Amino acid sequence: MKKKQWLPFIIAVLVTQVYFCQTTNLNRIIDSENGNLVSEVEITQLQNDSTFTSNTGFFKIKTSGLYTFNKKGYILKTLKLSPLNNYVVKLQKQPNALNEIVINASHLPIELKASTSSVSLVSSKAIERANTVNINEALNRVPGVFMQTGALNTNRITIRGVGSRNLFGTAKIRAYFKDIPLTNGSGETSLEDFELGALSRIEITKGATSSTYGAGLGGVIRLLPKTSSFNSTGFENETSIGSFGLFKNLSQINYGNASNSYKLVYSNTKSNGFRENNDYKRHALTLNTVHKLNAKNELSILGIFSDLKAFIPSSLNETDFTNNPESAAFTWKQSRGFEDTKRGIIGISLIHKFNEKLEQSTSVFMSFRNSYEPRPFNILDETVFGYGLRHRITGNFTVNDKKINWTSGIEFFKDNYKYQTFENLYEDFPEANSSIKGVALSNFKEKRYYYNLFFEGRYPVTSKTDVVFGINYNKTSYNLEDKFPVSSTNPNESGSFDFKGLVSPKLGVLYRASTALTIYGNISHGFSPLSLEETLLPNGQINTNLNPETGWNFEVGTRGYAAKNRLQYTVAVYRLAIKNLLVARRTSQDEFIGVNAGKTHNDGLEAEINYTFTNSKDLQLSAFGSYALHLYKFKNFIDDNSDFSGNDLTGVPQDVLNLGLDFSSKVGMYGNINFQHVGKMPITDSNSLFSESYTVSNIKIGYQNTLAPKLRLNAFLGVNNIFNTAYASQILINATGFGNSAPRYFYPGNPLNYYSGLALNYSF
């Protein structure tokens, strides 16, 4: 769908929402992350020191003046209010209240402090510590998670080292938008297409511990969208500008009545980029609706569309990285290589509550992705269309006065992947200064499908001890149709690959040592399915002897409070033991074959802290930090004639440290300062080359205030890489030079850069 086609739709929705706006004579208090009403809020008028409580999230005021809004777990807020107007008061959760947040990572809603898995949350506040252009800053503050960024459309995410050997993009990690899979049939995931401003929270389960989401070896990333409040209508627009031609406009429409809520988010992002051949343009549209049909049924609809065109500067050799980091790789600049992608997702979910002890949730979804990517060595034209269903039942029953919670379900997914490659004749037509499509080189059609059966239950053995048991069964199959004419140089590669069913169990234990301290442990199994491309041999045959990577996660951790609840902390130590390690062995510039080469032991330590110095009506000041130590080793690793056993795992930094301060004040000033230290990283399996460690510091300050009873202002300014550090923001491991060229290992990170923005929020 072209921009011209869907822009009228946006305008129509804007007009419709304004037309149907409804007002209420009651003021509302809502959670700034999810838009839900916040009940039991203590409201104090400072002039006469009178106090009353909002039991439902609605309130009325009789006289003008300064009012404070106070609730445990939220940052105290002070506002000037008048009885002549209506207000929507948004409260933010305190950083040291994160353990009290209810998570749904296993479909069994529990407080974070009661989880037997390593789960980290990225709140909307954490996302907004930087500009909402790239998700990497928010993810990289989560210990154990590391996102490398070569450009806005070139990223690779690893969790506990899993995915580090994938050369291009993110693999072996499962991702969902609510209950809709974002990971395709080959196990690849792309998160950079989604609008950060549309997210309320990100839940990350680390390691092979999520039996209810496919038992992925690396873990699961769940994106949770913002929703509009019921009985509330408003409009918000935010415009940002910055270095390297950055421009972003983000518009949000919220409409809700007593039983329906609608949230529409549209963004337009442009950047010239720091490097040559680095232009970036993206339009994104997200629609999220919730409909309370009756007391037992709730329907929600999620729609996402993005239109992206981004040029690709690619990686540099060491000389160019050091002396000319703003340059693009020579062949990518000459061919004007780029990615032109359109992507859409639509999902419909129905929740039916049978009674207090049993409910079901069913989601059906469809997705598409059309991409055209000229590269120096060929031009790739690909189309993916997928669809599926996720159904689960959640319930509880009582045995000997002990409540047992459980969930069980099935997830089915199928996608059809068509791709062709063509000659790129840019060298034959240098005057064109662009890629030129030549004759076809290949033509494939893949059908990829899988299904998961899952179960997880939680049993309170005693008042202090819970046991969690989960199991997942996965079945994956591929079918490949080679539609290219057969010849002596082009063997027919048609065939099927049917994996054996894999069973992945999980056992977790939680011990409540006190009201302020919990200790947990888990043993769990996970796997990463092979892609069909990895199973193909150079002669066109499918390697049926190749095995998927599998592993066991062993973990012990603790979560707790200290210093009169000012300090919240999480610490975990783990071993992720992986076997059948898959190596992508390069046979030509654009050809790789998969080889099972050995085992790894990914041993690590992860820690997170939040400390509140003060939370008064005049000033809120808190500190945050995280640390991850990665002792990842090849246990046994023999690739061809080379033995790399005992070496450090390639593509993962040895450690990552984040520290920062958040502040906000009664006068409307707010901001944060933070820095990240990334340790050196092995670039080659032989460990003969490492990237240098680096530290990057960022700062953001802003001012927000109420200009009129229904109009709120937010202005901000941020500076990234304050000390202009030169560093590699992404590494291409085991790169090979072709001809007489040097290997291109390095993607240079952005130098000193700034951004600023202005947002206006109007509530009807």
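The values are calculated or read from the model by the stated rules, or taken from the named source; none is laboratory data. Everything numeric here is computed off the predicted structure, so don't read it as measured data. So basically every Cβ, Gly included, is an ideal-geometry build from the backbone, and we count neighbours across all protein chains shown. In case anyone asks, the SASA skips ligands and DNA or RNA and just uses the protein heavy atoms, side chains included. Shrake-Rupley method; radii C 1.70, N 1.55, O 1.52, S 1.80 Å.
Here are the numbers for this structure:
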item: Count of residues meeting criterion [part of a strand (DSSP E or B) and either open to solvent by 20 Å² or more (accessible area, probe 1.4 Å) or within 22 Å of GLY303 (Cα to Cα) (or both)] in region 357-379; result: 16
item: Test result for LEU299, assigned to a strand (DSSP E or B) and surrounded by fewer than 16 Cβ atoms within 10 Å (Cβ to Cβ); result: yes
item: Residue within region 683-692 that is touching a residue at least 12 places away in the same chain (Cβ under 8 Å), out of contact with any strand residue (DSSP E or B) (no Cβ under 7 Å at 6 or more places or on another chain) and open to solvent by less than 40 Å² (accessible area, probe 1.4 Å) present; result: yes
item: Sole exception among (1) more than 23 Å from GLN92 (Cβ to Cβ); (2) in a strand (DSSP E or B) for ASN734, by number; result: (2)
item: Criterion (within 20 Å of LYS309 (Cβ to Cβ) and either under 30 Å from the mean Cα position of the chain (by Cα) or of a type outside the set (Ser, Thr, Tyr) (or both)) met by exactly one of ASN396, ASN370; result: ASN370
item: Residue in region 730-749 that is charged (D, E, K, R) and surrounded by fewer than 16 Cβ atoms within 10 Å (Cβ to Cβ) present; result: no
item: Which numbered condition THR465 fails, given (1) closer than 30 Å to ARG336 by Cα; (2) surrounded by fewer than 16 Cβ atoms within 10 Å (Cβ to Cβ); result: (1)
item: Residues located in region 264-286, provided they are open to solvent by less than 40 Å² (accessible area, probe 1.4 Å) and either without any contact (Cβ under 8 Å) to a residue 40 or more places away in the chain or under 30 Å from SER229 (Cβ atoms) (or both); result: LEU264, VAL265, TYR266, SER267, ASN268, THR269, ARG282, HIS283, ALA284, LEU285, THR286
item: Enumeration of residues in region 466-513 that are in contact with a Gly (Cβ under 8 Å, 6 or more places away or on another chain), assigned to a loop (DSSP other than H, G, I, E, B) and more than 23 Å from LEU546 (Cβ to Cβ); result: none
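Conditions tested, residue by residue: (1) modelled with pLDDT of 95 or more; (2) open to solvent by 20 Å² or more (accessible area, probe 1.4 Å); (3) not assigned by the TED database to the domain that holds TYR450.
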position	(1), (2), (3)
THR189	no, no, yes
GLU192	no, yes, yes
LEU199	no, no, yes
THR212	no, no, yes
ALA215	no, no, yes
LYS226	no, yes, no
THR233	no, no, no
LEU250	yes, no, no
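Here is a yes/no grid of residues against (1) assigned to a loop (DSSP other than H, G, I, E, B); (2) open to solvent by less than 70 Å² (accessible area, probe 1.4 Å); (3) under 29 Å from ILE348 (Cα atoms); (4) among the basic types (Lys, Arg):
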{"site": "ASN288", "(1), (2), (3), (4)": "no, yes, yes, no"}
{"site": "HIS291", "(1), (2), (3), (4)": "no, yes, yes, no"}
{"site": "ALA295", "(1), (2), (3), (4)": "yes, no, yes, no"}
{"site": "ASP307", "(1), (2), (3), (4)": "no, yes, yes, no"}
{"site": "ALA310", "(1), (2), (3), (4)": "no, yes, no, no"}
{"site": "THR322", "(1), (2), (3), (4)": "no, no, no, no"}
{"site": "SER327", "(1), (2), (3), (4)": "yes, yes, no, no"}
